[in-house]
Structure formats: structure tokens, C-alpha cells
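Take a look at the structure set out below.
The values are calculated or read from the model by the stated rules, or taken from the named source; none is laboratory data. It should be emphasised that the depicted structure is a prediction, and the values quoted were computed from it without experimental measurement. Heads up, the Cβs are rebuilt from the backbone with ideal geometry, glycines too, and the neighbour counts pull from every protein chain shown. Surface areas here come from the heavy atoms of the whole protein model, side chains and all, with no ligands, DNA or RNA. Shrake-Rupley method; radii C 1.70, N 1.55, O 1.52, S 1.80 Å.
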Amino acid sequence: MLSGESCLDMLWPGVWELFKEFTPDNFPDVVNQFKGEYDFLSNRFGCRFVWQGLLYGNAEAAFQSSKCMDTSERNVYAGCSADKAVLKGREQAPFPGWEDTRLDIMESILRAKFEQNPSLMKKLTDTGTCILINGNNKQETYWGVDLYSWQGENHLGRIIMDIRGTTLKQLRK
């Protein structure tokens with residue numbers, strides 16, 4: 001194969017028959033990382049929005065603040081960069097039951113982010129039907145997908161696709 005020889009004889013006879021019908025149109029478009037052109041999908045992307053009465057500069061800060069029950073504690077996160085918010089969030093013990101509500105919290109934060117920033121919402125809806133995967137190389141498999149193993153639940157990507165779908169339905173009405 002390396003010398004340009006055909007690999008057809010290496011495939012089980014029926015496999016080639018299956019694959020020869022496929023074209024690139026048979027495969028969905030995929031965004032597999034929230035970087036570059038798609039960095040606006042990342043929770044670390046800088047944008048201002050109000051969530052639960054506080055002004056945040058990124059979704060990560062809002063999410064990390066959600067671990068706090070007290071508004072004055074949450075206020076500390078409002079001015080944080082995403083990196084600083086992550087570090088502070090590691091020190092913050094979440095309130096009882098937070099783990100059970102974190103998906104709803106994340107959806108609420110991301111809805112605020114996109115709904116309050118029309119240019120970001122436009123960029124999101126412009127992704128059309130692309131599958132949005134929060135790919136990473138940190139073995140983070142709850143919010144994303146590990147790009148080495150392709151394992152992960154991709155909750156962040158799913159939430160963003162749900163927001164996009166809801167918005168596109170509303171636009172069609």
C-alpha cells in the first residue's frame with residue numbers, strides 16, 4: 001500500500017461494495033474543537049452577559065460561581081478571567097446537590113451568553129447542523145470528548161446544539 005498498490009484485495013469483499021457508494025455528503029459536518037473560528041463556543045471566550053443578576057465576562061466564571069450559595073461569594077467570580085475562575089472554582093466546595101443540577105445550570109448560563117450577545121447567537125446558528133464537539137486533549141470526558149480516545153459525553157456540545165436548535169425553530173416561525 002505504501003508504494004501505491006491498491007488495498008482493495010485487503011478488504012473483505014462486501015466491505016468495498018458498501019463504501020464505494022459513500023461520498024463526503026454522506027458524513028455530517030463536525031466542529032471538533034472550540035478553537036480558532038469556533039472559539040466563541042468555548043466557556044472561556046470573553047463576552048459580557050448577565051446571569052442571575054451579576055455581570056460576567058465569560059461563561060466559565062459564571063459556571064464556577066454557581067457552586068456558591070451566597071451572592072456575595074458569587075460576586076467574586078464576576079470580574080474573573082476564565083483561568084482565574086477555574087482556579088478559584090477548584091477551591092470552592094459546591095453546595096449540596098450542585099452535581100445534580102450542573103447541567104441545568106450550564107444550560108442557563110449558555111442561554112444567557114448567546115441570547116444576550118446577538119452576534120454570538122448568529123455565529124452559532126450559522127453552524128447549521130454541524131455536530132459540535134468540545135474536543136480536548138486533557139482527558140476531560142464529561143463536558144467534552146478526549147481527542148486521543150474519542151471517548152466522552154460532550155455535555156457542553158450537546159447543550160450548545162440544543163440552544164442552536166431551539167433558536168433555529170423560533171426563527172422559522
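Selection of the range 37-92 for residues being on the phi > 0 side of the Ramachandran plot and among the small types (Gly, Ala, Ser) yields only 53. Every condition in (1) under 22 Å from residue 36 (Cα atoms); (2) part of a helix (DSSP H, G or I); (3) polar (S, T, N, Q) is met by residue 139 except one, and the failing one is (2). Restricting to the range 125-136, and then to whatever is outside any helix (DSSP H, G or I) and over 16 Å from residue 43 (Cβ atoms), can you tell me which residue is most open to solvent (accessible area, probe 1.4 Å)? Step by step, filter the range 125-136, then rank; the result is 129.
If only residues of the range 142-173 that are at pLDDT below 95 and either on the phi > 0 side of the Ramachandran plot or part of a helix (DSSP H, G or I) (or both) are counted, the one that is least open to solvent (accessible area, probe 1.4 Å) is 168. Scan the range 19-36 for residues that are free of Cβ contacts under 8 Å to residues at least 12 places away in the same chain and either loosely packed, with under 11 Cβ neighbours inside 10 Å or among the hydroxyl-bearing types (Ser, Thr, Tyr) (or both) and the total you get is 10.
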